[in-house]
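These notes concern the structure reproduced below.
Readers should treat all values here as calculations from the given coordinates under stated rules, not as data from a laboratory. Note that the structure is a prediction, hence the values are computed from the model and not measured. Positions of Cβ are backbone-derived with ideal geometry, glycine not excepted, and every protein chain shown enters the neighbour counts.
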Amino acid sequence: MTLVGVAVGGLLAVVAIFIPWLPEPASEQAELVDNTYWLVTIICVAVFAVVAGVSVYAVWKFRAPPGDMDDGRPIHGHTGLEIAWTVIPVVLVTVIAIYSGVALAQAENLDDGHRTVEVTAQQFAWSFGYPDVTLENGQPLTSGELVLPVGQSVEFRIESRDVIHSFWVPEWRMKQDAVRGIPTRTVVSPTKTGTFPVVCTELCGLGHATMRAQARVVSQTQFESWVQEEKRLAAEAGSVQGETLFVQNCGSCHTLGDAGTEGEVGPNLDEALPGKDADFIRQSIVNPDAKIAGGYSPGVMPRTFGETLSGEQIDGLVEYLQTATKGG
Ligand code: CUA
């Protein structure tokens, strides 16, 4: 029977060890986490084997013969055994505590020249901000896809706009809650290129299961070209937005070739703006009577654009007008 027990136990252990419970590790932290996990697993298997083995043996060896209704013989216990089963667990638990403490400290180690990514969670999407990458409009680059260069450690600063979410890339193992009003952080140093899922692991509402994004780890060069491409796209989107704003707000009064408007109430901007700086353009939008072009009267252009347009919209408009009139 003992042999059968050992055989079944061994078989189950083999099955358990070879089931891929977690995907292939793809970060330095994943190795640390997995090693800790295996250390604890091995200790657990050993303790379980000893306890189960002794129990099964005792049940078989000391079972009552049929018809025996006597009480068991009273015994006093065994001091040596009691010391052993107190000291051994204390040692094991201490080993686990020290090992995990060291692993945790190493996992949070940041290289010099690490990268920072701001993770924003909201029902039910992730967005990733790159404070180290500034776009033309002075804003940091943001993306719905998490793109990182391989071999560089990253500090994730995590925050939520609403309820509690949790940021997790299984291949990186590190997991951290996103809580509104309480910035949290975690560190990851990706060691493998590839595409990995970003998963929300905190039940956050009806769309929780769909709250996923993609993490793409690429070479340093590919990362640089991704950044350039994102900058270009953002600049393009910015000028398209500027053009729309111009047509909607200014086009009926001002002529501007780039936007295709032919208004004649105010100055022709193709003639008035070349050579003017951003401050002049901004002032002319927000406080139009400050400087009046020759042949035009004050008080004609609305003085309310500073209120009806947001700061960002005015920035976009100024930037658009500068680029649209630069080529002359
Ligand atoms: Cu966000 Cu679950």
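Out of all the residues in the range 98-148, which are within 16 Å of the ligand (Cβ to nearest atom) and surrounded by 14 or more Cβ atoms within 10 Å (Cβ to Cβ)? Those that are within 16 Å of the ligand (Cβ to nearest atom) and surrounded by 14 or more Cβ atoms within 10 Å (Cβ to Cβ): Val119, Thr120, Ala121, Gln122, Gln123, Phe124, Ala125, Trp126, Ser127, Phe128, Leu146.
If the condition is being within 9 Å of the ligand (Cβ to nearest atom) and either under 14 Å from Phe128 (Cβ atoms) or among the hydrophobic types (A, V, I, L, M, F, W, C) (or both), then the range 168-214 contributes Ala178, Val199, Cys200, Leu203, Cys204, Ala209, Met211. Checked against (1) touching a helix residue (DSSP H, G or I) at 6+ places or on another chain (Cβ under 8 Å); (2) surrounded by fewer than 16 Cβ atoms within 10 Å (Cβ to Cβ), Glu262 meets all criteria but (1). Going by the conditions given, is Trp21 exposed (fewer than 10 other Cβ atoms within 10 Å of the Cβ), closer than 20 Å to Trp172 by Cα and out of contact with any Gly (no Cβ under 8 Å at 6 or more places or on another chain)? In short, yes.
Under the condition of being surrounded by fewer than 22 Cβ atoms within 10 Å (Cβ to Cβ) and not in a helix (DSSP H, G or I), the residues counted in the range 159-172 number 7. Annotation: Thr221 fulfils all but one of (1) touching a residue at least 40 places away in the same chain (Cβ under 8 Å); (2) more than 16 Å from the ligand (Cβ to nearest atom); the unmet one is (1).
A Cβ distance below 9 Å, combined with a sequence gap of six or more or placement on separate chains, defines the contacts here; from the range 178-207, residues that are on the phi > 0 side of the Ramachandran plot reach residues that are within 11 Å of the ligand (Cβ to nearest atom) in the pairs Gly181/Ser160; Gly205/Gln123; Gly205/Phe124; Gly205/Asp162; Gly205/Val163; Gly205/Met211.
Is one or more of the residues making up the range 150-160 more than 16 Å from the ligand (Cβ to nearest atom) and either over 21 Å from Ser27 (Cα atoms) or among the hydrophobic types (A, V, I, L, M, F, W, C) (or both)? Spell out how you get there, then give the answer.
Going residue by residue through the range 150-160, those that are more than 16 Å from the ligand (Cβ to nearest atom) are 150-155, 157.
With the extra rule that they be either over 21 Å from Ser27 (Cα atoms) or among the hydrophobic types (A, V, I, L, M, F, W, C) (or both), the set shrinks to 150, 154.
Yes.
Considering only residues in the range 225-252 that are in contact (Cβ under 8 Å) with a residue 24 or more places away in the chain and surrounded by fewer than 16 Cβ atoms within 10 Å (Cβ to Cβ), the one that is nearest to the ligand (Cβ to nearest atom) turns out to be Lys231. Each residue in the range 118-133 was checked for being of a type in the set (Val, Ile, Thr) and under 9 Å from the mean Cα position of the chain (by Cα), and 2 of them qualify. Of the helices (runs of 4 or more DSSP H) lying entirely inside the range 222-328, those containing at least 1 residues that are farther than 30 Å from Lys192 by Cα and of a type in the set (A, V, I, L, M) are 269-272, 278-286, 311-326.
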